[in-house]
Amino acid sequence: MDNEKAWLVRRIVLSVLFVVIVAVPLYPELYGLDEVTPFAQLVAFRPQGLVLVFVLALLMLIRKGWRLAAGLVAVLALIGAGLTLPRVTSDPKPPAADTRVLTIMVANVLGGGANAGAVAELIRERKPDLVSLPEAQVDVREEIRAQLEDLKYAGYTEQPTRAVESATSVLVAASLGAVQVKPDLPTSFGNLMVTGGNLGEVRLVAYHGFPPLPEDVPPWKHDLMQLRRWCAQDPPTIVAGDFNATLDHADFRWALASNCHSVGPSVGGGFKGTWPSDQPAIARTQIDHVLATRPIQPLQFATYEIAGTDHLAVVATVAVPKTD
């Protein structure tokens, strides 16, 4: 009898220990490891990880001695699924009264690798008010804009230092009127804030965050922290670009928590992965976002393939309050 009790206790201890170990790559923030390589990179694929863990639990049921651990692992996966499912079940609402619709596009052009004609074709099709172009220097921006002369987009580029090869560009539709465009908070690849004109009180920010490179995580965290300052300020704000972060990154959630939401998950598009585009849809993660502060209402979110880049383009529509 004592042997049976000891065996049961050992099984319980080993099962709990196994679940704790499995939870480390899924929820590194619980262990203070979410800013540590490789967990900062792995957690971007948490939804896929939850599926794999659930399959693992089913396979473990084959062995009688593993069933307790299998049950605990399955519970872990199901809890995680319950927390992430709202990203695909959120129901978009029609635009509220006294609002106007803005269309925002994001296309990371991979330093000019993207097909400029394909980018211009999508712009021509969707006619966005603002196009955020991460990794687009002046020549790339102008190559795209040259194919849109009849639509009269104005182009602007910010490159923070010569030491940084990447730049952030933006195309602004003539329909927005006489806007002002300038860089704002310090970020690794630069950003551009669009204000005034027909935007009223609304601010539009084209943004590109530093990636969580295995040897260089601090700049990634720094750039994400700047988002919170935009989200927390009073003017209605839209931030669009390549964030190199997902809602499974604790730092990204913290940056949004003050007053922002991501349009994709808010309208049921939270599992529409945008990177890497050369992988099947199930293996992609959503790191390209359109964020909006709470007075702004998310309406639609769609992704599009662009030849020559490892990102899918994003087009989102939002409803902003009308101003006198």
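The values are calculated or read from the model by the stated rules, or taken from the named source; none is laboratory data. Keep in mind that what you see is a predicted model, and the values were worked out from it rather than measured. Cβ atoms come from the backbone with ideal geometry, glycine included; neighbour counts cover every protein chain shown. Note: accessible area is taken over every heavy atom of the protein model, side chains too, but ligands, DNA and RNA are not part of it. Shrake-Rupley method; radii C 1.70, N 1.55, O 1.52, S 1.80 Å.
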Can you say whether Leu299 is under 16 Å from Arg126 (Cα atoms) and either within 15 Å of the chain's Cα centre (by Cα) or in contact (Cβ under 8 Å) with a residue 60 or more places away in the chain (or both), as far as the supplied structure shows? yes
Scan of the stretch 49-104 for residues that are modelled with pLDDT under 95, polar (S, T, N, Q) and in contact with a strand residue (DSSP E or B) (Cβ under 9 Å, 6 or more places away or on another chain), ordered by number: Ser90, Thr99
Sort out which residues of the stretch 81-131 are closer than 16 Å to Ser175 by Cβ and β-branched (Val, Ile, Thr), and write them in order of number. Val101, Thr103, Ile104, Ile123, Val131
Within the group Ala154, Ala178, Ala173, which residue is farther than 17 Å from Ile306 by Cβ and touching an Asp or Glu at 6+ places or on another chain (Cβ under 8 Å)? Ala173
Regarding Pro86, is this residue closer than 30 Å to Leu26 by Cα, within 19 Å of the chain's Cα centre (by Cα) and either without any contact (Cβ under 8 Å) to a residue 12 or more places away in the chain or surrounded by fewer than 17 Cβ atoms within 10 Å (Cβ to Cβ) (or both)? yes
Hits in the stretch 278-317 - residues which are within 16 Å of Thr246 (Cα to Cα) and of a type in the set (Asp, Glu): Asp288
Unique match (being open to solvent by less than 10 Å² (accessible area, probe 1.4 Å), modelled with pLDDT of 95 or more and touching a helix residue (DSSP H, G or I) at 6+ places or on another chain (Cβ under 7 Å)) among Leu204, Leu176, Leu192: Leu176
So which of Leu102, Leu176, Leu133 is in contact (Cβ under 8 Å) with a residue 40 or more places away in the chain, in contact with a Ser or Thr (Cβ under 6 Å, 6 or more places away or on another chain) and aliphatic (A, V, I, L, M)? Leu133
Taking into account only those residues within the stretch 222-260 that are surrounded by fewer than 18 Cβ atoms within 10 Å (Cβ to Cβ) and under 25 Å from Gln48 (Cα atoms), which is nearest to the chain's Cα centre (by Cα)? Arg253
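Could you pull out the residue among Val19, Val13 that is surrounded by fewer than 16 Cβ atoms within 10 Å (Cβ to Cβ) and over 29 Å from Trp275 (Cβ atoms)? Before you say what the answer is, go through the steps one by one.
Numbers: Val19 fails: surrounded by fewer than 16 Cβ atoms within 10 Å (Cβ to Cβ).
Answer to the check: Val13.
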Between a residue in the stretch 107-121 that is within 13 Å of Val138 (Cα to Cα) and any residue that is modelled with pLDDT under 95, which pairs come within a Cβ distance under 7 Å, given they are 6 or more apart or on different chains? Gly111/Ser166
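Yes/no per residue for (1) closer than 19 Å to Gly113 by Cα; (2) touching a helix residue (DSSP H, G or I) at 6+ places or on another chain (Cβ under 9 Å); (3) in contact (Cβ under 8 Å) with a residue 40 or more places away in the chain; (4) basic (Lys, Arg):
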residue	(1), (2), (3), (4)
Phe252	no, yes, no, no
Leu256	no, yes, no, no
Ser262	no, yes, no, no
Ala283	no, yes, yes, no
Thr309	yes, yes, yes, no
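Given the structure, is Gly264 part of a loop (DSSP other than H, G, I, E, B) and either on the phi > 0 side of the Ramachandran plot or surrounded by 22 or more Cβ atoms within 10 Å (Cβ to Cβ) (or both)?
no
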Of (1) within 18 Å of Ala302 (Cα to Cα); (2) assigned to a helix (DSSP H, G or I), Gly270 fails just (2)
